[in-house]
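What follows is a single structure, written as structure tokens, with notes after it.
The values are calculated or read from the model by the stated rules, or taken from the named source; none is laboratory data. This one's a predicted model, so the numbers in the text were calculated from it and none came from an experiment. As a convention, Cβ positions derive from the backbone with ideal geometry for all residues, glycine included, and neighbour counts pool all protein chains shown.
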Amino acid sequence: MARDNKKTAFTVDPERCIGCGICVDACPLKILALEDGLCIMTEPTKCLECGTCIRECPQDAITIPGVKVSSKTGAEAPRTAEAAPAARGAEKFTPILQHLTDMIMQELSPKQILEHSGTDIRSLHDFDLEGHSCFYRAYRAPKLEKIGLSRMNFYSTMVADVVIVTPAPDYDIPYYVMDWDESDEHIFFICDLMPGDDLGRNQQMLQNYYYEQLEDCYQEFALIPGMRSSVFHWVRALHSPYIITGTVEKTPENVAGIYKCAVDYFKAWLAIYRAAQPRDPQSPEMRLINERRRQVRAVYKENDPGVGSLNKFLGDTMADIALSIIEP
């Protein structure tokens, strides 16, 4: 699926840019530079359109048409257990996706599906992005609507690994969500058991699925340097109080910490999954849960910051299909 990627329309206001270089350091693909004291983009076909440069620029000097960013409040990048396996050979990225995939296959015995939402997805099972292997794969298992696993490898400079486990409509268990976006210097990380219901309203769910399962884990992992509340207000609204997210510097200690978080949160989810019993989807409680799940899916579809990147590299049609696999 290699394609001629469109160039990003990147502009810098020369009246605002002060040549500080913050955007150059922040760019995950390292395709920004300073020329005559102004920021320039050196390889516009490689731009992820992630908005990092816009968000980090202290002068609001950078514009990329169509790219939405959150408020800059609290968005500064950090500066500076179970050990994560070290990368070996040519593979320089942390193998968290392979570890979680192995656990999923062993514990859930899922069946890979060839069609999702009425669309054939076999072309996404394995494809090439300018010499680098990528994939979007969907599976089904008992008690679950789907399992989505994906990897986007951007020129071996940044990799985005995502795991989403979505419960079936007759189970009230939470989603398992893990997003690991790794570049040479930092990892952006999200891990959560995202609730199907409002936890303020459903105190029993809060107690049984979160406090008893995650309180000790949360107290451990929330202290990893770089963890902070999400900069996206809609993420804070949808996720649980136990979400672990932030951008961490790639020190051995930090990588081991978030690796352990991803694994321990999955183990906590697995305990809930094993004990789960089906419920009547037409009951008042499950109607509320399934309506909220529909709303969660709609909010993600509208706001997911990965939309621009995938549209650029996969095209609009394939990007929509890929997102339907890895969104709730």
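Checking the conditions here, which among Gln213, Gln204 is in contact with a strand residue (DSSP E or B) (Cβ under 9 Å, 6 or more places away or on another chain) and either assigned by TED's automatic domain parsing to the domain that holds Arg140 or not in a loop (DSSP other than H, G, I, E, B) (or both)?
Being in contact with a strand residue (DSSP E or B) (Cβ under 9 Å, 6 or more places away or on another chain) and either assigned by TED's automatic domain parsing to the domain that holds Arg140 or not in a loop (DSSP other than H, G, I, E, B) (or both) holds for just one of Gln213, Gln204, which is Gln213.
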Whichever residue in segment 107-128 is of a type in the set (D, E, K, R) and at pLDDT 95 or above and, among such residues, is farthest from Leu270 (Cα to Cα): Lys111
Expected output for segment 278-290 (first residue closer than 17 Å to Thr166 by Cβ, partner aliphatic (A, V, I, L, M) and modelled with pLDDT of 95 or more, Cβ below 6 Å, 6+ apart or cross-chain) is Arg279/Met286
Test set (1) of a type outside the set (Val, Ile, Thr); (2) more than 19 Å from Met178 (Cα to Cα); (3) touching a strand residue (DSSP E or B) at 6+ places or on another chain (Cβ under 6 Å) - Asn153 fails condition number: (2)
For segment 217-269, enumerate the residues that are among the aliphatic types (A, V, I, L, M), within 23 Å of Glu107 (Cβ to Cβ) and surrounded by fewer than 19 Cβ atoms within 10 Å (Cβ to Cβ). Ala256, Val263
